[in-house]
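Please read the structure below before turning to the comments.
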Amino acid sequence: MVYKKRLLQIDSDVQQEANRELVKLAPNLQRRGFLTASGLGTLGLLSGCTISDEPSIEKALMTISRFNDKVQAALFSPTALAPTYTPADMTRPFPFNAYYDEDEVVEVDESSYKLELAGLIGNKSAWTLDSLRALPQEEQITRHVCVEGWSAIGRWGGVRFSTFLKTIGADTTAKYVGFKCADDYYTSIDMPTALHPQTLLTLTYDGEVLPPKYGFPMKLRMPTKLGYKNPKHITTIFVANAYTGGYWEDQGYNWFGGI
């Protein structure tokens, strides 16, 4: 009942905002038709429009996207676990995936690498890979789900992210954790997902040092999120209350990105 009430309120708020944008697009149409449209009706009104024709349509679609984010956040459980698998279930080879070709993978020098910290963090001292490897390590065999429609099962090892956040004195009441990467990728996640027990700051793949194509020196692995939310080649982690978006999210992808 609590979720239902929250979703109804979210639906009402976002619906009103989307309708206001849609009304601007068609002053010659009856307002009544817009103002009584349901959430699905609103999307139906958009179906005959060319997005590039009207900036307001983009704004209305982003409103619906924000609604999707809020619904996913309301339904997210900080304790529900994604399925785990056995080594026999692993996808071999695990596929490479990025917004560039594999021969363009960034090469990070381990000897000079340091993980930078910023934002709402008590101890912002940089971390070397050796210091990260000295923290308690764990493994998971979980499924990576790509927004393009494919999935693959891999074995990831590293530091539980909630442990790392507590170690550095991060403000875990903040809204966001953000990431900057050596390949210029960037993204941000909600704090409940950051603290989820399966969210892992990975340093290894299949028992070996994380290969460059999978994100060396480290990748954030979240089996509760779609693949584009799992940043690779991480160079900076920051904690904030201000929304910072992401590489794909700023191009229209849902920000929450849950599965």
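Return Lys213, Lys124 ranked ascending by Cβ neighbour count within 10 Å, so the fewest neighbours appear first.
On the way: Lys213 17, Lys124 12.
Ordered from fewest to most neighbouring Cβ atoms within 10 Å, Lys213, Lys124 come out as Lys124, Lys213.
Run the simple label-point estimate for Arg133 and Ser111 please: 7 Å along Cα→C-beta, distance reported in nm.
Here the answer is 1.5 nm between the modelled labels.
How would Leu81, Leu220, Leu132, Leu165 line up from fewest to most surrounding beta-carbon atoms within 10 angstrom?
On the way: Leu81 13, Leu220 26, Leu132 17, Leu165 23.
If I rank by nearby Cβ atoms, fewest first, I get Leu81, Leu132, Leu165, Leu220.
Tally Lys and Arg at +1 and Asp and Glu at -1 over the other residues with C-beta under 15 Å from the C-beta of Asp130: what net charge comes out?
Working: positive: Lys114, Arg133; negative: Asp109, Glu110.
With Lys, Arg at +1 and Asp, Glu at -1, the net is 0.
Among Asp89, Asp190, which comes first, second and so on when ranked by fewest other beta-carbon atoms within 10 Å? Write down the numbers at each step before the final one.
Details: Asp89 13, Asp190 21.
Taking fewest neighbouring Cβ atoms as first place, the list is Asp89, Asp190.
Please give me the summed charge of the neighbours of Ser188: other residues whose Cβ is under 13 Å from its Cβ, Lys and Arg +1, Asp and Glu -1. Walk me through the intermediate numbers first.
Working: positive: Lys175, Lys180, Lys225, Lys229; negative: Asp69, Asp190, Glu249, Asp250.
Taking every Cβ under 13 Å from that of Ser188, the sum is 0.
Pulled fully out, how much extra length does the chain show between Lys124 and Asp101, if you take 0.36 nm times their separation in residues and subtract their Cα-Cα distance?
Values: separation 23, 0.36 × 23 = 8.28 nm, distance 3.38 nm.
Full-extension gain reported as 4.9 nm.
Distance cut-off 28 Å, Cα to Cα: go down the list Lys124/Lys229; Lys175/Lys213; Lys70/Lys213 and report the pairs above it.
Listed pairs above 28 Å: Lys175/Lys213; Lys70/Lys213.
Under a plain spin-label model, where a point goes 7 Å from the Cα along Cα-to-Cβ, how far apart in nm are Thr84 and Arg143?
Placing both labels 7 Å along Cα→Cβ, they lie 1.7 nm apart.
Quick one: Cα centre-to-centre distance for segment 153-167 and segment 185-247, in angstrom?
9 Å
According to the square roots a ≥ b ≥ c of the eigenvalues of the Cα gyration tensor, what is the shape class of segment 87-251, taking rounded for a/c under 1.5, prolate for a/b larger than b/c otherwise, and oblate for the remainder? Present the calculation step by step, with values, prior to reporting the outcome.
Working: a/c = 1.39, a/b = 1.27, b/c = 1.09.
Since a/c stays below 1.5, the shape of segment 87-251 is classed as rounded.
Under a plain spin-label model, where a point goes 7 Å from the Cα along Cα-to-Cβ, how far apart in nm are Asp250 and Trp150?
2.8 nm
Bear in mind that the values in this text are calculations on the coordinates, not laboratory data. Remember, it's a predicted structure, so these values are computed and weren't measured experimentally. Ideal geometry is used to build each Cβ from the backbone, glycine not excepted, and the neighbour counts take in all protein chains shown.
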